[in-house]
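Below: the structure, in structure tokens.
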Amino acid sequence: LAKTTQPISMDSYEGQEVNITCSHNNIATNDYITWYQQFPSQGPRFIIQGYKTKVTNEVASLFIPADRKSSTLSLPRVSLSDTAVYYCLVGATSRGNDYKLSFGAGTTVTVRA
Amino acid sequence: GAGVSQTPSNKVTEKGKYVELRCDPISGHTALYWYRQSLGQGPEFLIYFQGTGAADDSGLPNDRFFAVRPEGSVSTLKIQRTERGDSAVYLCASSPPNDEQFFGPGTRLTVL
């Protein structure tokens, strides 16, 4: 699996947009980029996945440039409940097929009032 | 519907003891996974079941760790002769075939 690098932590305030960039220079042609969210005392939860360009769902947006060597998770108008650890994963094939999920240390996002 | 449940939520044991951690997957999910998460780190893969059989146990750290899923539903992770380094949160996940993994809340194991 391609190695990923993301910031250890980020602070923000309620109502702001949070952007977390993940570097994955060795991404392979058939790799997808997936982001998970983990709240304290809970397991990780899938939030978004993409292959190229932009993906948006009700929770977040994922921006992937043409070279796919990085990706940015964007959380619009965060609230205190968005405080969590966010993991960037890169793996072969599509959602679910790469069952050995490989998590790094993640980015701890702290949202303050 | 009900999610993945894990029991106990917390387990404190002494070095050298045997422990069992239980996972109840989402009904109908054929695949089940165990991960271990140390403090400040992301989860690490331990073992994957497809039905009753362990399809991949390459993540188990040594032969003190063993997992079973005898009827293709509930799974038990068993750790013999526990060591302080085994202290971690043990996460279970389940999924339909080749689909998103849904994680449980984990069992926090503390070995004194």
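Only one entry of B:VAL19, B:VAL12 meets the criterion of being surrounded by fewer than 18 Cβ atoms within 10 Å (Cβ to Cβ), of a type in the set (A, V, I, L, M, F, W, C), touching a residue at least 40 places away in the same chain (Cβ under 8 Å) and touching a Leu at 6+ places or on another chain (Cβ under 9 Å), and that entry is B:VAL12. The number of residues in segment B:90-101 being under 13 Å from the mean Cα position of the chain (by Cα) and farther than 16 Å from B:LEU60 by Cα comes to 1. Out of B:GLY16, B:GLY28, one residue alone is modelled with pLDDT under 95 and out of contact with any Gly (no Cβ under 6 Å at 6 or more places or on another chain). It is B:GLY28. Residues in segment B:13-33 that are within 14 Å of chain A (Cβ to nearest Cβ) and part of a strand (DSSP E or B) were compared, and the one that is nearest to B:PHE65 (Cα to Cα) is B:LEU21.
For segment B:64-89, a residue qualifies if it is over 21 Å from B:VAL12 (Cα atoms) and more than 14 Å from the chain's Cα centre (by Cα), and the qualifying residues are B:PRO70, B:GLU71, B:GLY72. Against the condition of a type outside the set (A, V, I, L, M) and either assigned to a loop (DSSP other than H, G, I, E, B) or modelled with pLDDT under 95 (or both), how does A:PHE103 come out, does it pass? Answer is yes for this residue. When you look at B:TYR48, is it more than 23 Å from B:ASN10 (Cβ to Cβ) and within 14 Å of chain A (Cβ to nearest Cβ), yes or no? In short, yes.
The set of residues from segment A:17-63 being part of a loop (DSSP other than H, G, I, E, B) and in contact with a Pro (Cβ under 8 Å, 6 or more places away or on another chain) comprises A:GLU17, A:SER41, A:GLN42, A:GLY43, A:PRO44, A:ALA60. Of all residue pairs spaced 6 or more apart or on separate chains, those with beta-carbon atoms under 6 Å, a first member in segment A:59-70 that is closer than 13 Å to A:CYS88 by Cβ and a second member that is assigned to a loop (DSSP other than H, G, I, E, B) and modelled with pLDDT under 95 are A:ILE64/A:LYS52; A:ARG68/A:ILE27; A:LYS69/A:ASN25.
All of A:SER70, A:SER102 fail the test of being more than 14 Å from chain B (Cβ to nearest Cβ) and polar (S, T, N, Q), apart from A:SER70.
Can you work out which of the residues in segment A:69-90 that are outside any strand (DSSP E or B), in contact with a strand residue (DSSP E or B) (Cβ under 6 Å, 6 or more places away or on another chain) and not hydrophobic (A, V, I, L, M, F, W, C) is surrounded by the fewest Cβ atoms within 10 Å (Cβ to Cβ)? Restricting to residues being outside any strand (DSSP E or B), in contact with a strand residue (DSSP E or B) (Cβ under 6 Å, 6 or more places away or on another chain) and not hydrophobic (A, V, I, L, M, F, W, C), the top hit is A:THR83. Among the criteria (1) over 28 Å from A:GLN37 (Cα atoms); (2) charged (D, E, K, R); (3) free of Cβ contacts under 8 Å to residues at least 24 places away in the same chain, the one B:ARG81 does not fulfil is (3).
Within segment A:6-14, not a single residue is surrounded by fewer than 21 Cβ atoms within 10 Å (Cβ to Cβ), small (Gly, Ala, Ser) and in contact with a Phe, Trp or Tyr (Cβ under 9 Å, 6 or more places away or on another chain).
The values are calculated or read from the model by the stated rules, or taken from the named source; none is laboratory data. The structure displayed is predicted, hence computed values, not measured ones. Quick reminder, even Gly has a Cβ in these numbers, built from the backbone with ideal geometry, and neighbours come from all protein chains shown.
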